[in-house]
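Novice: Here it is, the structure, as structure tokens.
The values are calculated or read from the model by the stated rules, or taken from the named source; none is laboratory data. Everything numeric in this text was worked out from a predicted model, so none of it was measured. When we count neighbours, we look across all protein chains shown, and the Cβ atoms used for this are built from the backbone with ideal geometry, even at glycine. Side chains are part of the model used for accessible areas, which takes the heavy atoms of the whole protein and leaves out ligands, DNA and RNA. Shrake-Rupley method; radii C 1.70, N 1.55, O 1.52, S 1.80 Å.
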Amino acid sequence: MKGNRKTIMASQPKIASMTVPPQPEDQCHFTPDFGQRVLLTVDTEEEFDWGGPFSRDKHGLEHVAAIPRFQTTCEKMGAHPVYLVDWPIANDPAAVEIIGDAVKRGKADIGVQLHPWVNPPFEEEVTARNSYAGNLPGELEKAKFTALRDRIAEAFGTAPQIYRAGRYGLGSHTADIIKANGIKLDTSVRSLFDYSAQGGPDYSDHPLAPYWVDETRDLLELPVTTVYWGVLRELGKHLHRAQRHLPTFFAGFSRSRLLERIALTPEGVTSQEAIRGIDIALDDGLPLLVLSFHSPTLAPGFTPYADTQADVEALYEWLEQVYAYLDQRGVRTATVDDVIAASKPKR
């Protein structure tokens with residue numbers, strides 16, 4: 001089995017590491033009818049202690065019962081969620097039934113999210129560094145990804161075409177692995193964020209606009225949308241590097257509204273902040289906004305962003321306000337198929 005995996009990987013042309021920023025000519029130019037769209041991605045995963053050590057078995061799935069309300073809300077708003085599913089979710093009958101129903105009705109898409117510490121085969125030590133799948137040996141990363149991809153295809157009856165590495169943990173082998181296994185879209189890059197202090201990738205210099213990962217233009221990166229806002233926004237990258245040494249100084253910029261980093265997520269970002277970020281992204285001509293949050297935030301007590309039911313209600317208010325504003329700005333919902341169809345280069 002291991003020999004077969006090596007043969008498969010060796011037969012594919014090598015793609016540059018996705019942790020390296022692309023060249024300007026790699027930017028994707030969508031078809032004119034695509035306009036400006038929004039993609040709602042959900043890191044659909046188990047509940048675990050965000051402040052504790054990683055564990056193979058200390059997790060739960062209680063929040064799955066809250067997903068139907070979220071799906072119903074999305075359908076009322078005209079949103080089309082992309083459920084990026086990891087191993088515990090893909091093996092939970094309730095989750096498969098709930099999400100699978102939405103996928104079969106054409107009201108949601110299914111994708112892959114790899115949390116290596118809970119995804120077989122279990123060959124690595126459970127550490128913070130190994131929680132980034134891209135840090136694993138290529139053969140092990142591939143084995144974990146393939147096991148998950150196959151399980152999702154079996155459980156949901158459709159082959160996933162979109163991927164997000166858990167903790168945004170891309171590596172030097174990831175592009176080859178996912179492309180060889182049918183993935184057309186990756187959304188692991190969190191532009192303007194640096195995880196290197198934790199052993200993860202540095203995306204400080206990655207662009208916000210979608211770009212091609214490979215020379216044949218078959219694998220498209222959809223960065224999770226984050227923008228700088230404020231009079232110092234053009235200096236944002238440089239000031240954030242300085243933040244590593246002067247965190248209190250940078251906090252003063254944010255409080256004085258000279259510079260803010262705004263991620264398009266309901267987790268820790270107000271709807272007013274998100275709307276400012278949306279204006280910047282749209283006015284800069286970004287063709288696709290990628291929103292994201294974690295599914296356990298749909299129920300109280302499982303993430304730092306939803307301690308109480310009031311926090312959960314605030315998430316729903318955020319979604320309603322943000323989607324109402326997107327509608328005002330003429331931004332339409334995108335599906336995975338929409339993005340793939342509009343991005344295909346002329347051959």
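Novice: Full extension from Asn91 to Asp284: what is 0.36 nm times the residue separation minus their Cα-Cα distance, to one decimal in nm?
Specialist: Net length gain for the segment: 65.4 nm.
Novice: So, counting K/R as plus one and D/E as minus one, what does the shell of residues with Cβ under 12 Å around Ala324 add up to?
Specialist: Neighbourhood net charge equals -1.
Novice: For the chain, which whole percent of the accessible surface, found with a 1.4 angstrom probe, sits on carbon and sulfur atoms?
Specialist: Roughly 52 percent, rounded to a whole number.
Novice: Work out which helices of the chain, taken as complete DSSP H runs, extend at least 24 Å along their axis over the Cα atoms and score a mean Kyte-Doolittle of -1.0 or more, then list them.
Specialist: Numbers: long enough: 138-156 (27 Å, -0.37); 309-328 (29 Å, -0.38).
Those that clear 24 Å and a mean of -1.0 are 138-156, 309-328.
Novice: Additional query: Can you give the FRET efficiency for Ser55 and Glu139, using 1/(1 + (r/R0)^6), R0 = 22 Å, r = Cβ-Cβ distance, to the nearest 0.05?
Specialist: For R0 = 22 Å, the calculated efficiency reads 0.40.
Novice: Under the Karplus relation 6.51 cos²θ - 1.76 cosθ + 1.60, θ = phi - 60°, what is the ordered set of whole-Hz ³J(HN,Hα) values for segment 125-137, x standing for Gly and Pro?
Specialist: So the J values, rounded to whole Hz, are 6, 7, 9, 4, 5, 6, 6, 8, 4, x, 7, 6, x.
Novice: Can you list the residues, at least 5 places off or on another chain, whose amide H is less than 5 Å from the amide H of Val38, using H built in the peptide plane?
Specialist: Those lying under 5 Å, H to H, from Val38 are Leu289, Arg332, Thr333, Ala334.
Novice: Also: By the gyration tensor of its Cα atoms, with a ≥ b ≥ c the square roots of the eigenvalues, what is the shape of segment 307-347: rounded for a/c under 1.5, prolate for a/b over b/c, or oblate?
Specialist: Values: a/c = 6.13, a/b = 2.36, b/c = 2.60.
Note, shape of segment 307-347 comes out oblate.
Novice: Could you order Asp43, Asp284, Asp338, Asp109 by accessible surface area, starting with the largest, using a probe radius of 1.4 Å?
Specialist: Working: Asp43 10, Asp284 105, Asp338 55, Asp109 30 Å².
Largest to smallest exposure gives the sequence Asp284, Asp338, Asp109, Asp43.
Novice: How much accessible area per residue does the chain have, counting only protein heavy atoms and a probe of 1.4 Å, in square angstrom? Don't skip to the end; give the middle numbers.
Specialist: Working: 15180 Å² over 347 residues.
Value returned for the chain: 44 Å² of accessible area per residue.
Novice: Starting from the Cα of Gln198, move 7 Å in the Cα-to-Cβ direction to define the label point; list residues of segment 29-66 whose amide nitrogen is under 14 Å from there.
Specialist: Under cut-off, by backbone N: 48-55.
Novice: For segment 105-121, what does the Karplus curve 6.51 cos²θ - 1.76 cosθ + 1.60, with θ = phi - 60°, yield as ³J(HN,Hα) per residue in whole Hz, taken in order and with x for Gly and Pro?
Specialist: Whole-Hz 3J(HN,Hα) from phi for segment 105-121: 7, x, 9, 6, 10, 10, x, 10, 9, 9, 9, x, 6, 10, 10, x, x.
Novice: What does the charge add up to near Arg190, with Lys and Arg as +1, Asp and Glu as -1, over the other residues with Cβ less than 13 Å from its Cβ? The partial results should precede the final answer.
Specialist: Values: positive: Arg164, Arg167, Arg261; negative: Asp43, Asp186, Asp194, Asp202, Asp205, Glu221, Glu267.
It works out to a net charge of -4.
Novice: When the helix-only estimate is applied to the chain (DSSP H runs of n ≥ 4, each -39,500 (n - 2.57), divided by the residue count), what is the mean residue ellipticity at 222 nm, nearest 500 deg cm²/dmol?
Specialist: Estimated from H runs of four or more residues: -10500 deg cm²/dmol.
Novice: Using 7 Å Cα-to-Cβ label points, what is the Thr31/Lys104 separation (nm, one decimal)?
Specialist: Those two pseudo-labels are separated by 3.0 nm.
Novice: Which of the following values of volume of the Cα convex hull per residue in Å³ was calculated from the structure shown: (i) 138; (ii) 163; (iii) 155?
Specialist: (i)
Novice: Right, here's the next one. Given the pairs Lys104/Lys184; Lys76/Lys144; Lys14/Lys107, which span a C-alpha to C-alpha distance of over 32 angstrom in this model?
Specialist: Beyond 32 Å between Cα atoms: Lys76/Lys144; Lys14/Lys107.
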